Structures are given as structure tokens and as C-alpha cells.
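The values are calculated or read from the model by the stated rules, or taken from the named source; none is laboratory data. These figures come from a predicted structure and were not determined experimentally. Glycine gets a Cβ as well: all are built from the backbone with ideal geometry, and neighbour counts include every protein chain shown. Keep in mind that these areas ignore ligands, DNA and RNA; they rest on the heavy atoms of the full protein, side chains included. Shrake-Rupley method; radii C 1.70, N 1.55, O 1.52, S 1.80 Å.
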Amino acid sequence: MSTIKKLSPAIKELRFLMCQNGQASAGARQFIQTAYPYLKKHNPDLPVLIREARGTPARAFARFGTCSRNQPTSCQSKLRNADLTPEYGVEKHVELDNLSTTDVQTKVTELLNAPPSSS
């Protein structure tokens, strides 16, 4: 779980959807059990939403946005240095159904490192 630490300030929200007891969501549920403490420890102000509903395919969503005016200038410089041009409300998602915990971690890491775009 060491690959997900301090996330980019461009990430405004992280959402996980999954079935609470379906076999297809087992890897996603296990990932959440191990990853959530690390995510919140290193990103205490980031909303991490976990939604479970019967029959829901396992997916992860990241909502990207720009830094607000009241955030430190380091936020703006991190965005410039990362060559990101985030727009308010841009969302990306990955499908996590039928993946192992390791595969879920890989997919979520890719999602969180993907530069946001409006496409």
C-alpha cells in the first residue's frame, strides 16, 4: 500500500462503488480495508467516499479540480510542475470488478496519477 501516499492537490474527491458481498467486488473491498488508513493518514482533508450497494460493479472515481485561491501557492506550483491543466469537475474512473487486490491497487494508482482532461 506504500504506492498511495500524498496525492496531488488536483484530486478533490475519491469515490469507491462496489457490492457489499459480491465475489466480483472482493478485491475492491480488501483494497479498501488496507488502503483507507494510508489514504486518510497522508490526505486527511481528501474526501474518500465508499458506497456499497447490492449488484453494483466495483469502480473507483477520482474528481479533479483546480486549486482554490485560499490554498497555498505550492498547490499551484505542483500543478504547473506536473504539467496538469485540471478543470473543475473533471472525473475519471476505472473498473475494478473481478480484480485481485493487487490489480485493484495498480488500477487505482493509475487513476490517481492520470492527468485530468476534459476528454
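Extension gain for THR56-ALA24 works out to 10.6 nm (0.36 nm per residue, less the C-alpha to C-alpha distance).
Solvent-accessible surface (1.4 Å probe) assigned to GLU91 amounts to roughly 90 Å².
A cut-off under 12 angstrom between Cβ atoms defines the neighbours of VAL108, and their net charge, with Lys, Arg +1 and Asp, Glu -1, is +1.
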